[in-house]
Amino acid sequence: MLDLNHKSGFVYGREASEPEPLGARINSRIDAALVAERDTQRPRDYLGASRIGEPCARRLVYEFTRTPVDPGKEFEGRTLRIFKAGHVFEDLAIRWLRTAGFDLRTERRDGGQFGFETAGGRIRGHVDGVIVSGPEMGLTWPVLWEHKALKASSWSDTAKKGVQISKPVYYGQLQIYMAYMGLASALFTALNKDSCELYHEHVPFDPGAAQALSDKAVDVLRAADAGDLLPRIAVHADFYLCRFCPFSARCWSEGHA
């Protein structure tokens, strides 16, 4: 007689003889494919302008020299999915702004992306777009346009405090881009990925801030060339930025500050 109630034991809430749930198996394959795709891409050989606003210059040296991150701190497939989704949200925001009458340019006439390079190509930046004209908004065209898709809590914090306080890395990105693109102001757009609410902020060019960021970038290149590390941002490893840094273990095991 066939025993339909036979159990072969459980593993983490399921029978040992059963495969992982269908969804988990599909996601595993998707994530593995995204990781494999990422691993085939040529790594950056320049300091990205979008990263210069990073508060810790020592971390930038690690990034520029392509130092391996701590074990287990590599970007997983789920994180890569988030990055990919961000591009889709950006495309939507571009379409919405154009539909609303803003002449938003995202490519040069030759099809290339707007951007710049300096320091012999060792510092480069690629901007999301430039709005060259649009409805009367009290803005003087053209303006740099940058877009970010944020989770609800991060979006709310940005909308409440402004990009300079809430997202200093993004603020630094805007300042560097404006400096090298010769633009006097920027429109920063943040999309709430949960509700699709949009936050727009006009950000004027700050020459002092841009100069300080440019100087920091030069310091990073010089340190990398000399095989040196710039000072840590904190005196204790439990500093909040250090706790989330993918180089934290390596950094705090180094003998010098």
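Among the residues making up segment 167-204, those that are crowded, with 23+ Cβ neighbours inside 10 Å, part of a strand (DSSP E or B) and touching a Phe, Trp or Tyr at 6+ places or on another chain (Cβ under 6 Å) are Leu187, Ala190. Filtered by the rule that a residue be under 21 Å from the mean Cα position of the chain (by Cα) and not hydroxyl-bearing (Ser, Thr, Tyr), segment 109-124 gives Gly112, Gln113, Phe114, Gly115, Phe116, Glu117, Gly121, Arg122, Ile123, Arg124. A search for C-beta distances below 8 Å between a residue of segment 197-219 that is basic (Lys, Arg) and any residue that is outside any loop (DSSP other than H, G, I, E, B) and crowded, with 18+ Cβ neighbours inside 10 Å, counting only pairs 6+ apart in sequence or on different chains, returns Lys216/Ala57; Lys216/Leu60.
If a residue must be part of a helix (DSSP H, G or I) and either at pLDDT 95 or above or surrounded by 14 or more Cβ atoms within 10 Å (Cβ to Cβ) (or both), how many such residues does segment 205-240 contain?
20
Select from segment 125-159 the residues that are within 21 Å of the chain's Cα centre (by Cα) and in a loop (DSSP other than H, G, I, E, B) and list them in ascending order. Matches in segment 125-159: Val127, Asp128, Lys151. Count of segment 30-48 residues, restricted to those that are exposed (fewer than 11 other Cβ atoms within 10 Å of the Cβ) and hydroxyl-bearing (Ser, Thr, Tyr), is 1. You will find that of Leu104, Leu97, the residue that is in contact (Cβ under 8 Å) with a residue 12 or more places away in the chain, touching a helix residue (DSSP H, G or I) at 6+ places or on another chain (Cβ under 7 Å) and surrounded by 16 or more Cβ atoms within 10 Å (Cβ to Cβ) is Leu104 and no other.
The values are calculated or read from the model by the stated rules, or taken from the named source; none is laboratory data. Because the structure is a prediction, the values reported are computed rather than measured. Every residue, glycine as well, gets a Cβ built from its backbone with ideal geometry; the counts of neighbours run over all protein chains shown.
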